[in-house]
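> Before I ask anything, here is the structure I am working with.
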């Protein structure tokens, strides 16, 4: 079983990338599970054809965690992809990070974490220990950073590198960086910039996803690009990403070397 | 001896803020306490209170409610649990509710002030008690006194007598110490107004501002003294009387603060103190050494002052005498201490 997590700045396209990656992986006949780890709970919606599935934490709130079964939190979407949304508290109260921890413990207890590939789609910033949960306890062993060439997006990706580097110092840590996915913001020479960023943090660019209107059109039609326009060029990009992820083996994983802020800024300056 | 409120000194300056807050709120008989946190926070601190008092042969178990926070409350916020628990407490018709917040409630950002601030019909007072923000038993205690001062309305007159502030409700000789202070005030023809807070009702507490002088239990409560000085223009004395000379000076200071002559009272107290040397004449010429129990500070002039007055020698070879846990209060406190010394010397 391969367990991967996508991290990146909020709004950068993690959920779109995750859903299309899951769909492309499922197309190859693999058994896929996608877990949305964001209180906004919009990770799996395109895989579920627009349906907002009940979140694990909604159910915990309503029933208490003793009376929840796996079929109440795991929903089958496109090509049988098993979708889970962690959910979270109402914005502004409680502790969403603890919610992620509770969700993982519940899924573990329900024996729900299985398949050929599990894709964890995680909130933009690793704001606390709870949001590092997918990286801990041997859950996701490969982390992929989703970023554009914008400075603040690289900054967020760099922060996640700090979390990976920190966690990797723990004795039983199994998580490392699989690679960087560039989700284009239509910046000139963006792929070169992100490739250079990846190199400097001791990683590699594994896919360049261009900006394409088809992504928005598919979304309006409540589908992934893979499902809505399988013959499109963009679908091909996602299939290539899936192939790239499947090719990554343990020996390709790296412990990232995060940059200092001034290094990051001078890198961005080189490409202005 | 614990006159120096340094952090190395004593458990009072360590420990949990909740215990400090509870050592205040539990002593308002017609108020109820809610501990906003996991059940263990209430249980453990109440047990500590109970066990401490039981050791002094005082059976006391005040009603304390817990919001009993569990993981879902942490994830989704604990304010609903707090609301339900306050409602449950109000069913018992208390005159006030003290809400003691805990580490976890502060960590997840529960707006305890907002819940307490609703119109409950009676005062619901938030005592901030998250230990991770720093602080100890003493900070919990002092903060609780400050917050409960919110129950006190301003007064128009200052004819209510003397307020006693911050008695150590958990100390062994709490009543004896109060009685000694009350006796000394009586010699000056002064009465006690409010014991803030020891077994006074919410109504009693509201008379606090009519007091003409606040006497603090110990100098560590100076922030509270200043607080009341600003709020109600009440002067304060920093501590209970300690030592032979200290007790006479206490009488003078109280007399000055209240505008009454103290010379006669001081003379009477001095002859009372002189009687001690006659009463303990059998100790004259004996040698004692002061044992600090490993953590109490033996450099305390009070003890050598008393030893000198009785004719005791302080000598490393002398009979080992434990340094008292708290400084004896007034002449009566010294007399009790001397009784104890006699038991050690004649053991």
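> Somewhere in the stretch B:138-154, is a residue under 14 Å from the mean Cα position of the chain (by Cα) and within 14 Å of residue B:326 (Cβ to Cβ)?
Yes; the residues of the stretch B:138-154 include at least one that is under 14 Å from the mean Cα position of the chain (by Cα) and within 14 Å of residue B:326 (Cβ to Cβ).
> Now, a different point. Here are some residues: B:80, B:30, B:57. Which one is within 14 Å of chain A (Cβ to nearest Cβ) and either within 26 Å of residue A:95 (Cα to Cα) or surrounded by fewer than 24 Cβ atoms within 10 Å (Cβ to Cβ) (or both)? Give the derivation first.
Numbers: B:30 fails: within 14 Å of chain A (Cβ to nearest Cβ); B:57 fails: within 14 Å of chain A (Cβ to nearest Cβ).
Selected residue: B:80, the only one of B:80, B:30, B:57 that is within 14 Å of chain A (Cβ to nearest Cβ) and either within 26 Å of residue A:95 (Cα to Cα) or surrounded by fewer than 24 Cβ atoms within 10 Å (Cβ to Cβ) (or both).
> I'm trying to understand the selection: among the residues of the stretch A:166-183, which are farther than 19 Å from residue A:130 by Cβ and in contact (Cβ under 8 Å) with a residue 40 or more places away in the chain?
Answer for the stretch A:166-183, where residues must be farther than 19 Å from residue A:130 by Cβ and in contact (Cβ under 8 Å) with a residue 40 or more places away in the chain: A:176, A:177, A:178, A:179, A:181, A:183.
> Still on this structure, please answer the following. So in the stretch A:27-41, with the set limited to residues that are in contact with a helix residue (DSSP H, G or I) (Cβ under 6 Å, 6 or more places away or on another chain) and either surrounded by fewer than 19 Cβ atoms within 10 Å (Cβ to Cβ) or modelled with pLDDT under 95 (or both), which one is nearest to residue A:123 (Cα to Cα)?
To start, the set of residues in the stretch A:27-41 that are in contact with a helix residue (DSSP H, G or I) (Cβ under 6 Å, 6 or more places away or on another chain) comprises A:32, A:34, A:37, A:39.
If we keep only those that are either surrounded by fewer than 19 Cβ atoms within 10 Å (Cβ to Cβ) or modelled with pLDDT under 95 (or both) too, we end up with A:37, A:39.
Values: A:37: 6, A:39: 8 Å.
Applying the filter and picking the extreme gives A:37.
> Quick check on residue A:31: is it within 14 Å of the chain's Cα centre (by Cα) and over 21 Å from residue A:237 (Cβ atoms)?
Working: within 14 Å of the chain's Cα centre (by Cα): no; over 21 Å from residue A:237 (Cβ atoms): yes.
Considered against the rule, which asks whether it is within 14 Å of the chain's Cα centre (by Cα) and over 21 Å from residue A:237 (Cβ atoms), residue A:31 comes out as no.
> Check whether at least one residue in the stretch B:322-334 is touching a helix residue (DSSP H, G or I) at 6+ places or on another chain (Cβ under 6 Å), at pLDDT below 95 and farther than 19 Å from residue B:245 by Cα, and report yes or no.
The answer is no, given that none of the residues of the stretch B:322-334 is touching a helix residue (DSSP H, G or I) at 6+ places or on another chain (Cβ under 6 Å), at pLDDT below 95 and farther than 19 Å from residue B:245 by Cα.
> If I ask for residues that are within 12 Å of chain A (Cβ to nearest Cβ), surrounded by fewer than 21 Cβ atoms within 10 Å (Cβ to Cβ) and touching a helix residue (DSSP H, G or I) at 6+ places or on another chain (Cβ under 9 Å), which ones from the stretch B:91-114 would you list?
B:104, B:106, B:107, B:111, B:114
> Moving on to the next point. Which of the following residues is in contact (Cβ under 8 Å) with a residue 24 or more places away in the chain and either within 12 Å of the chain's Cα centre (by Cα) or within 14 Å of chain B (Cβ to nearest Cβ) (or both): A:25, A:21?
Only one candidate qualifies: A:21.
> Moving on. Do we find a residue being away from every other protein chain (no Cβ under 14 Å), more than 18 Å from residue A:35 (Cβ to Cβ) and part of a loop (DSSP other than H, G, I, E, B) anywhere in the stretch A:99-121? Talk me through it step by step, then tell me what you get.
Just the residues of the stretch A:99-121 that are away from every other protein chain (no Cβ under 14 Å), to begin with: A:107-108, A:110-121.
Restricting the remaining residues to those that are more than 18 Å from residue A:35 (Cβ to Cβ) gives none.
No, the stretch A:99-121 contains no residue that is away from every other protein chain (no Cβ under 14 Å), more than 18 Å from residue A:35 (Cβ to Cβ) and part of a loop (DSSP other than H, G, I, E, B).
> Sticking with this one: Could you tell me which numbered condition residue B:282 fails, if it satisfies all but one of (1) closer than 19 Å to residue B:167 by Cβ; (2) in contact (Cβ under 8 Å) with a residue 40 or more places away in the chain?
Just one mismatch for residue B:282, condition (1).
The values are calculated or read from the model by the stated rules, or taken from the named source; none is laboratory data. Everything quoted here is computed from the prediction, not taken from an experiment. Methodologically, a virtual Cβ is constructed for each residue, glycine included, from the backbone with ideal geometry; neighbour enumeration extends over all protein chains shown.
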